[in-house]
Amino acid sequence: MVGKSEKYAPLTVETISERLGRIDALTARLGADTSQWQCAEVGDGNLNLVFIVSSPQGQLIIKQALPYVRLVGDSWPLPLKRAYFEYHALTRQAARAPGLVPEVYHFDEMQAIIVMEFFTPHVILRHKLMARQRVEGLADTLGQFLARTLFRGSDLSMDTARRKRDVALFADSVELNDITETLVFSDPYFDAERNHHTKGLESIVARLRSDIDLKVEAHHLKAKFANNAETMLHGDFHTGSVMVTENDTRVIDPEFVLYGPMGFDIGMLLGNFWMAYFAQPGHGDDAKYQAWILQTIAGVWAAFTTEFSQLWRNERTGILYEAALFEGQPLAAEQALTHKLAMIWEDTLGFAGVEMIRRTLSLAHIAENDTISDETLRATCEAKGLELGRQLVVNRARMGGISEVNDLAKQINKGATS
Ligand code: SR1
Ligand code: MG
């Protein structure tokens, strides 16, 4: 499955057949007659080339890293080795949460190419949320994916040798770690070069940047992100990293993989759902659909805690909270679980908050807001996200359960706070 080749060169739709047409992993799925192959470049993310290759026999995805940030251009170089980290993340996620991530058919480290399963007729969840379409089973699948990958990639499941090896492997992803540390945790809180925001938010932006409690708490979260190598994270788990049909959910794109705090993946996902909730007036303003988004958020957290608790009770084979330590004291193990979930909850809220703020003030925004052409309406939706984000970051230790946070979101949505 792993191939080696000559000097790196970006693929084009014209060169794919010639360059990859003799690789078994591709011909087995597309057929050896490359004249039948059809290629389209479909990458709409911030970093990479993505091709769908189709033939009468089948379809697959080819993802290739570019040596720079696609969103910005070659003025921002970025190493190709992110494909290597993504490949290793995908194989680990496939083992820990089977059936939810694309199968890797072929990996070429030199060309930074991953050839993988094409999920069809799936679409990116973010687009589904803008089209106000529901997905059956979404919350359960996402909650279970989070619990399985976060638990099984951690000290709760892994032995010392395997875990330390993986921490070392992913620790080399310094450039992508740096992107997150900078864009998520620092840039939004000062007038950084790459920042941009919607006209009309100026006074709110000025207020947030002079908000000492917010700045300090966001930085405490940055310290946690940088220092707490708790588990293998997806690292960029927003609604653009999820593909869905009306009743199927899959997870893609773990190139930002790193060892970090469990609440980061959960918080990033929930923060993106809350932003989609506030953006709904720009996409049809359907109160019932908004209620479904909040219900989905509650469902993700419920599914996560249920699955995580199951894994805690049945799969604690790692170096932390060893089963032997609690022999004959089941209540002690349950107490430790309750404490663990409370810590994850607080982190989740904080990371959701910083994600909501950075997607509005920093470099990379979200399509739900960007596609609202009425600037005044867009600013109103974004201001609500900023308000909830600020409250989550600053008050995360004092928030009750998920219903309390959803109630706060509803108040903010009505314009009843600030
Ligand atoms: C320069 S990359 C900007 C953002 O895109 C990715 O999807 C990550 O979210 C990153 O922060
Ligand atoms: Mg991505």
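The values are calculated or read from the model by the stated rules, or taken from the named source; none is laboratory data. The structure displayed is predicted, hence computed values, not measured ones. Backbone-built Cβ (ideal geometry, glycine too); neighbour counts: all protein chains shown.
Inside the range 224-238, can you point out the residues that are within 9 Å of ligand 1 (Cβ to nearest atom) and touching a strand residue (DSSP E or B) at 6+ places or on another chain (Cβ under 6 Å)?
Passing the criteria: only GLY235.
The conditions are (1) over 24 Å from HIS365 (Cβ atoms); (2) in contact with a His (Cβ under 7 Å, 6 or more places away or on another chain); (3) not aliphatic (A, V, I, L, M), and TRP312 fails exactly one of them. Which is it?
Result: TRP312 passes all but (2).
Are any residues in the range 1-58 closer than 21 Å to LEU90 by Cα, among the β-branched types (Val, Ile, Thr) and within 28 Å of the chain's Cα centre (by Cα), and if so, which ones?
VAL2, VAL42, VAL50, ILE52, VAL53
Yes or no: LEU377 touching a Pro at 6+ places or on another chain (Cβ under 7 Å), in the same structural domain as ASP347 (by TED's automatic domain parsing) and more than 12 Å from ALA276 (Cα to Cα)?
yes
Which of the residues that make up the range 366-395 are within 16 Å of ligand 1 (Cβ to nearest atom) and surrounded by fewer than 18 Cβ atoms within 10 Å (Cβ to Cβ)?
Passing the criteria: ALA367, ASP370.
Return yes when ILE412 is β-branched (Val, Ile, Thr), crowded, with 21+ Cβ neighbours inside 10 Å and over 19 Å from ARG126 (Cα atoms) and no when it is not.
The answer is yes for ILE412.
Contact list please: Cβ distance under 8 Å, first residue in the range 270-283 and buried (at least 22 other Cβ atoms within 10 Å of the Cβ), second residue of a type in the set (Val, Ile, Thr) and outside any helix (DSSP H, G or I), pairs at least six apart or on different chains.
ASN272/ILE366; MET275/ILE366; ALA276/ILE366; ALA279/ILE366; ALA279/ILE372
Does any residue in the range 359-380 that is closer than 10 Å to THR198 by Cβ come within less than 8 Å, Cβ to Cβ, of a residue that is hydroxyl-bearing (Ser, Thr, Tyr) and part of a helix (DSSP H, G or I) six or more places away or on a different chain, and which pairs are these?
ASN369/THR360
Mind checking which pairs have a first residue in the range 297-317 that is assigned by TED's automatic domain parsing to the domain that holds GLY143 and on the phi < 0 side of the Ramachandran plot and a second that is in a helix (DSSP H, G or I) and hydroxyl-bearing (Ser, Thr, Tyr), Cβ under 7 Å, 6 or more apart or different chains?
Pairs that qualify, where the first residue is assigned by TED's automatic domain parsing to the domain that holds GLY143 and on the phi < 0 side of the Ramachandran plot and the partner is in a helix (DSSP H, G or I) and hydroxyl-bearing (Ser, Thr, Tyr), are ALA298/SER403.
Give the range 239-261 a look and list any residue that's closer than 17 Å to GLU181 by Cβ and within 15 Å of ligand 1 (Cβ to nearest atom), or say none.
Selection gives GLU255, PHE256, VAL257, LEU258, GLY260.
Restricting attention to the range 29-47, does a residue exist that is outside any loop (DSSP other than H, G, I, E, B), within 24 Å of ALA367 (Cα to Cα) and within 16 Å of ligand 1 (Cβ to nearest atom)?
Looking for residues that are outside any loop (DSSP other than H, G, I, E, B), within 24 Å of ALA367 (Cα to Cα) and within 16 Å of ligand 1 (Cβ to nearest atom), one finds none in the range 29-47, hence no.
Considering only residues that are of a type in the set (A, V, I, L, M, F, W, C) and more than 12 Å from the chain's Cα centre (by Cα), look in the range 263-284 and name the one that is farthest from GLU346 (Cα to Cα).
ALA279
Every residue in the range 110-124 that is within 23 Å of HIS88 (Cα to Cα) and part of a strand (DSSP E or B), please.
Of everything in the range 110-124, those that are within 23 Å of HIS88 (Cα to Cα) and part of a strand (DSSP E or B) turn out to be ILE113, ILE114, VAL115, MET116, ILE124.
Please go through the range 305-336 and pick out each residue that is part of a helix (DSSP H, G or I) and of a type in the set (Asp, Glu).
GLU307, GLU334
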